[in-house]
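Data first, discussion second: the structure below is written as C-alpha cells.
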Amino acid sequence: MLISKDGSRWNLESRMETHFEVDRLKDVYRQYGERGWGKKKWAVTNRGNQAIQQERDRKLEQLLQRAGFLPLGNRRILDVGCGTGEILAGFEAWGARPENLFGVDLLAERIRRAKDNFPEMTFQEANAEALPFANGFFDLVALFTVFTSIRDHQMARNVSREINRILRSGGAVVWYDFRMNNPFNPHVRGISRKGVRRLFPEYDSRLMTVTLLPPLARRAGCLTDLLYPWLASLLFLRSHYLGVLIKS
Ligand SMILES: C[S@@+](CC[C@H](N)C(=O)[O-])C[C@H]1O[C@@H](n2cnc3c(N)ncnc32)[C@H](O)[C@@H]1O
C-alpha cells in the first residue's frame, strides 16, 4: 500500500511491469542520445517544427475549449512520458497552475532536466505501468507521442489501465501521436483510430488528423508560412492524430 501526497491510499497488488520492454525502451533512447537523433530533428529553431507546434497548439486549444476544459485553472494535469517537460509547461498558456502540473517518464536523465527546466512543477521518474498517484487524482492526462514508442502490447495495456485509474470520471486524455509507421525507425509503430479506441474503449474519442509529415515540414525553410497550410490540407500528408478523449 502506498500513501499519496494528498493522504489517500492505493494498492500496488496485481500490477505487473513488463521489465523487458522497460529495458528495451531505455536502450532505444540511449541509442537516440548517442546518435543525437531527437536534437537535430526537433530543433525549435526549424521553421517547420515551429509550424507543427503552432498548428497543434491552436487545434488543441479549440478541442479543450469545446470540451469545456478551458480555462484550466485548478485542474490537475499529468503528462505521461513527459520527456524534459516543455509540453507540460505549455499548458500554463491555457491557465494551468504550475503546482497542478505533474510529469512522469521512464528516463532519469529526462526527469532531471525537466526538474531543472521547470522547478515549480512536479516530475518523477516512473514507469507508467505503475503510476504513483491515487485513483481519480487527475482531470487531464497528456499523451504526446508515447504509445507509438511502446512496442509491447502488454505494456500498452498496463499503461492505459493505469491512466484510466488515475483519471477522474469526466476527465480526459489529450492524445497526440503518429498514425503511420515511420519507415526509417523500426522502434516505433503508428497507432490507428481503432488502436486508440482499443486502448481507451470506454472513452468518447474524437480524433482529428494534424501535422504535415515532419520530414517534409522541416524542409520548407523560408516558404513554410506559404507551404505548410497548403500541404497540411492534404489528408494523406497528415501524420498524427490529435484528440481529447473524454472518460464517461
Ligand atoms: C517520443 S518521447 C516523447 C516525449 C514527450 N512526450 C514529447 O512529445 O516531446 C516518448 C517518451 O515516453 C517515455 N515512455 C515510454 N514508455 C514509458 C513508460 N512505460 N512509462 C513512462 N514513460 C515512458 C519515454 O521515456 C520517452 O521520454
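Values computed for the structure shown
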quantity: Cα-centred dipole magnitude for the range 90-134, charges only on beta-carbon of K, R (+1) and D, E (-1), debye, nearest 20; calculated: 60 debye
quantity: Which listed pairs, of K59/K115; K40/K247; K39/K247; K41/K247, have C-alpha distances above 31 Å, in listed order; calculated: K40/K247; K39/K247; K41/K247
quantity: Gaussian network model of the chain, Cα within-10 Å springs - most flexible of T211, T145, T224; calculated: T224
quantity: Value in Å of the Kirkwood radius, where the chain supplies the Cα pairs that are averaged; calculated: 18.7 Å
quantity: Extension gain from D116 to W42, taking 0.36 nm per residue of separation minus the Cα-Cα distance; calculated: 24.6 nm
quantity: Cα-based shape type of the range 43-165, given that a ≥ b ≥ c are square roots of the gyration tensor eigenvalues and the cut on a/c is 1.5; calculated: rounded
quantity: Burial ranking of peptide ranges 160-166, 116-122 (average Cβ count within 10 Å, highest at the top); calculated: 160-166, 116-122
quantity: The range 11-67: C-alpha gyration tensor shape, a/c 1.5 cut-off, then a/b vs b/c; calculated: oblate
quantity: DSSP-assigned coil residues among trypsin sites (Lys or Arg not before Pro) in the range 208-239, each with at most 15 further Cβ atoms within 10 Å; calculated: R219
quantity: Separation of the C222 and D23 label points, Cα + 7 Å toward Cβ, nm; calculated: 5.3 nm
quantity: For the chain, share of DSSP beta bridges that run antiparallel, in % to the nearest 5; calculated: 50 percent
quantity: Cβ-placed point charges (K, R +1; D, E -1), dipole of the range 58-247 about Cα centre in debye, nearest 20; calculated: 720 debye
quantity: Theoretical ellipticity at 222 nm over the chain - DSSP helices of four or more residues, -39500 (n - 2.57) apiece, nearest 500; calculated: -11000 deg cm²/dmol
quantity: In order through the range 39-49: 3J(HN,Hα) via Karplus (6.51 cos²θ - 1.76 cosθ + 1.60), integer Hz, x for Gly, Pro; calculated: 4, 5, 4, 9, 3, 6, 7, 6, 4, x, 4
quantity: Relative packing of peptides 185-191, 125-131 - highest average C-beta neighbours within 10 Å first; calculated: 125-131, 185-191
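Any read-out appearing in this document is the output of simple, stated calculations on the displayed coordinates, not a laboratory observation. What you see is a predicted model; the values in this text were computed from it and never measured. All Cβ positions, even for glycine, are placed from backbone atoms using ideal geometry, and neighbour counts span all protein chains on display.
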